[in-house]
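J.: Below you will find the structure I want to go over with you.
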Amino acid sequence: MKKIAQIKERWSHRRVVSAPAAAPEQPQPQPQSQPSVPLVALPELDIGAVSERLQNLQLAHGPIVDGLCRRCERLHLGSSKQHLEALKAGHIATVRESSLLDGCHLCFQFRKILEALCSSDSGSTGQEEFSLWCHHLAEEDPRVRGEVYFSIHANNSTVNIRLLPKQGALGGLVLDIGRTVQPDQPDYEFVLTSLDTCRYYHGEHCSQSLSRVHNLRVIDCQSRRIILAEPDQRYICLSYVWGRGAIEETEVMYTELPAVVPKTVEDAMVVAVNLDIPYLWVDRYCIDQANPEEKHNVIRNMDRIYEAAEITIIAASGDDPHQGLPGVRGTPRKSQPTLRVGGEVFVAAEEVAGPIHNSKWATRGWTYQEMLLSRRRLVFTNSQMYFQCTMMHGVESLCPNATTPSGPFRALYRVFPHGGIGHTEMDMKRRLIEYYRRQLSFKTDIIHAFAGIVNAFNSSKILQGKATHFYGIPIIYADENLDLATESFVLNLTWSIHFSSTTRPDPIQRTDAFPSWSWASAKADQADTTPGELLHESYHIDHIDIPPWAQNDTQVHVHHVQHGEMDMPTFIHQNHGYEHFLPRIKVTSWVLDCTNTPPTTTTTPSLHILGERVRLEDASAPHHTHFRILFLGIYQLSNRRTPHPTHYSYRKYMVQGLVLREVKPALYRRVGLWDSYVRDAIDSQPASVEDLLVAMLEAEKQRQVKRGLEPAGELLGCWQRGSLCIV
């Protein structure tokens, strides 16, 4: 009843204040510079309803006895460790903010957890409830017996929190598990231990494999001067979000740091000194931004700069370089929730994948390359630090042995790709698909920000072949089989952009920022808010074989600005980058002419080719009626892996080609991708590409006649061999 009396007194006072006051006998002069503010009447409070609400809470959860309300007492969380170990795994309770009572020590802890959930997720609109679950560590590791832990789940938060004991029993040994995170001081010992473990036990998996960049400038964190790094000098890289305001301030050649630099840079210098590696590479200060030649050289060697760094500090908290690194030099980070029950203290070990992937840092194109090219990463989130190298990972709130290959949480908490960048052509496609979602401040950087990843694949000791690219199209090849270069390039021309039904934009007007046959053209012309998903149809298929009768059927030539035309095997063996070539390719293959009836409705413009509907990508394409289909390749399907296996159950070959529109005499632009899955009934053993294409054409004509279909367009003539120049 004391609570009711306090509320009555507080609201009675507010009601008196909100009523108009009587005029005084001697009016006081009012300052002329301050206009009077009219009083706003507050809504009437139903004291009876408040009293009834509090009484209901007391009936449901009170009275408080031995520090627990009735609700918390019924949770049976126990007064001893033995009682805790007897708890059954599963849902314990749904805790609502409106049900928490003052004076109950469990309600007090639950309120702190709710506050932590709100501060963990910048996109959250406020947590009003969470679910508390009980687990046994034996679920994660059968060797750990008897120990329990708790997990917290909230509907409108991306944060996943486990409340772990500080120690557990592993056989006859004591296993360290949870660790306390200080809100105002990073645990540098956690980082130093992780670094030492990586250096001494991971061997070539985490060792430097590339030669270092000559004349690399770094910041001496103690003198604040910009110096040339010694050949064997260890240094740290910083990966962070520049922010819009920083872009215009960089046309300068620095010899020493300015008196005032962004807080993230200052904090990173402090971290570098504490890790006993007091040299820091920051692109904003260590590159002569006014020197185009130096910038170009750095961009071409970005893989070597980050791969040679001892570790890369990643600022994943905040939207600009002024946020700082949480926990360093007063930059705040949220406190770590705890739960004290059964005589045990459980500390929160928050999964950092959600906060990292939802950060501004994770949306930027350059930072993706910086993360992927680094041998070791140290990520600062608003709750703790995260470490990952090629072979291991760990968080500040967990003891290192908890996430090792033999630890109870070995399969959890990892954020970045395991094993580094990858070693197959499929891995490169995955990296390109991931990169495509990122944003860039300058469209001209679209290919540059991916080039370092291609270079890293080419330098990989375990890559199955060598790697390069032409205007962003990956090329995997082997010196003993140069024809693989052409096959790889042609296969990687078959990209497409997919959108969900709710985000699909209208076709866009293509520009000449990049050639139309490169995925970079779609990324440059599409808004960052709706980039779509970059897909390769072959990504869903484990293994693709080119039938013997179809090999080397499509040829590609590129044009060097000085040395003229050359084929793909010649291109991969010369030393010039793609910038020295015209943004065009000449493809020699099979060509089919067709017409299309312009759409009369506002539906998505498309073209029907041999029974397949092709979505037109270019906004100007629907207004044209004549197109050419350029055959790229036939691939025999095997070991199919798709979300719907029956979709391919009756098909054996995948045929792909580009839909082209003539924009100038003898110059064509891509406006769509055509792919078709050939039924076995057409010809199980074609003798040549021409035989299969002719059979497909004849089968489609018969199908239209048999079904009485009215074609949306008309196929003109038959497949003919030709060479087309695509821009």
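J.: Could you please let me know if Leu398 is at pLDDT below 90 and closer than 29 Å to Lys81 by Cα? Don't jump to the end; show me each part of the working.
T.: Numbers: at pLDDT below 90: no; closer than 29 Å to Lys81 by Cα: yes.
It is false that Leu398 is at pLDDT below 90 and closer than 29 Å to Lys81 by Cα.
J.: For Thr530, all conditions in the list (1) open to solvent by 30 Å² or more (accessible area, probe 1.4 Å); (2) part of a helix (DSSP H, G or I); (3) modelled with pLDDT under 90 hold save one; what is the number of the exception?
T.: Failing condition for Thr530: (2).
J.: Tell me which residues, restricted to segment 197-221, are over 28 Å from Thr363 (Cα atoms) and at pLDDT 95 or above.
T.: Asp220, Cys221
J.: On to the next question. How many residues, within segment 358-411, are crowded, with 24+ Cβ neighbours inside 10 Å, closer than 11 Å to Ser194 by Cα and of a type in the set (S, T, N, Q)?
T.: Within segment 358-411, residues that are crowded, with 24+ Cβ neighbours inside 10 Å, closer than 11 Å to Ser194 by Cα and of a type in the set (S, T, N, Q) number 1.
J.: Within segment 306-353, how many residues turn out to be open to solvent by 20 Å² or more (accessible area, probe 1.4 Å), in a strand (DSSP E or B) and closer than 24 Å to Arg414 by Cα?
T.: Total satisfying the criteria: 1.
J.: Quick one: is Ser151 touching a Lys or Arg at 6+ places or on another chain (Cβ under 8 Å) and at pLDDT 85 or above?
T.: Values: touching a Lys or Arg at 6+ places or on another chain (Cβ under 8 Å): yes; at pLDDT 85 or above: yes.
It is true that Ser151 is touching a Lys or Arg at 6+ places or on another chain (Cβ under 8 Å) and at pLDDT 85 or above.
J.: Check off (1) open to solvent by 50 Å² or more (accessible area, probe 1.4 Å); (2) in a loop (DSSP other than H, G, I, E, B) for Thr444 and give me the number that stays unchecked.
T.: Every condition holds for Thr444 apart from (2).
J.: Which residues, taken from segment 338-361, are in contact with a strand residue (DSSP E or B) (Cβ under 8 Å, 6 or more places away or on another chain) and within 16 Å of Ala154 (Cα to Cα)?
T.: The first filter runs over segment 338-361 and keeps only residues in contact with a strand residue (DSSP E or B) (Cβ under 8 Å, 6 or more places away or on another chain), leaving 338-340, 344-352, 356, 361.
Within segment 338-361, Ala348, Ala349, Glu350, Glu351, Val352 qualify.
Here's the yes/no breakdown for (1) of a type outside the set (D, E, K, R); (2) at pLDDT below 85; (3) part of a helix (DSSP H, G or I); (4) not assigned by the TED database to the domain that holds Gly365:
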{"position": "Lys429", "(1), (2), (3), (4)": "no, no, yes, yes"}
{"position": "Ile433", "(1), (2), (3), (4)": "yes, no, yes, yes"}
{"position": "Phe457", "(1), (2), (3), (4)": "yes, no, yes, yes"}
{"position": "Lys461", "(1), (2), (3), (4)": "no, yes, no, yes"}
{"position": "Gln464", "(1), (2), (3), (4)": "yes, yes, no, yes"}
{"position": "Ala467", "(1), (2), (3), (4)": "yes, no, no, yes"}
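J.: Is there a residue being more than 27 Å from the chain's Cα centre (by Cα) and open to solvent by less than 20 Å² (accessible area, probe 1.4 Å) anywhere in segment 209-217?
T.: yes
J.: Would you check if there is a residue in segment 59-82 being assigned to a helix (DSSP H, G or I) and at pLDDT below 55? Show your work before the answer.
T.: So the first thing to find is which residues in segment 59-82 are assigned to a helix (DSSP H, G or I), and the list is 59-61, 70-74, 81-82.
Then keep just the ones that are at pLDDT below 55; that gives 59-60.
There is at least one residue in segment 59-82 that is assigned to a helix (DSSP H, G or I) and at pLDDT below 55.
J.: Quick one: would you say Ser501 is over 20 Å from Leu658 (Cα atoms), exposed (fewer than 13 other Cβ atoms within 10 Å of the Cβ) and at pLDDT below 90? I'd like the intermediate steps shown before the answer.
T.: Numbers: over 20 Å from Leu658 (Cα atoms): yes; exposed (fewer than 13 other Cβ atoms within 10 Å of the Cβ): yes; at pLDDT below 90: yes.
Judged against the criteria, Ser501 is a match.
J.: Pairs, please: C-beta under 6 Å, at least 6 apart or cross-chain, first residue within 23 Å of Pro186 (Cα to Cα) and in segment 365-381, second surrounded by fewer than 24 Cβ atoms within 10 Å (Cβ to Cβ) and polar (S, T, N, Q)?
T.: Short answer, once both residue conditions are applied: Ser374/Thr312; Arg377/Thr312.
The values are calculated or read from the model by the stated rules, or taken from the named source; none is laboratory data. Being a predicted model, the structure only gives us computed values, none of them experimental. Cβ: placed from backbone, ideal geometry, glycine included. Neighbour counts: every protein chain shown. Keep in mind that these areas ignore ligands, DNA and RNA; they rest on the heavy atoms of the full protein, side chains included. Shrake-Rupley method; radii C 1.70, N 1.55, O 1.52, S 1.80 Å.
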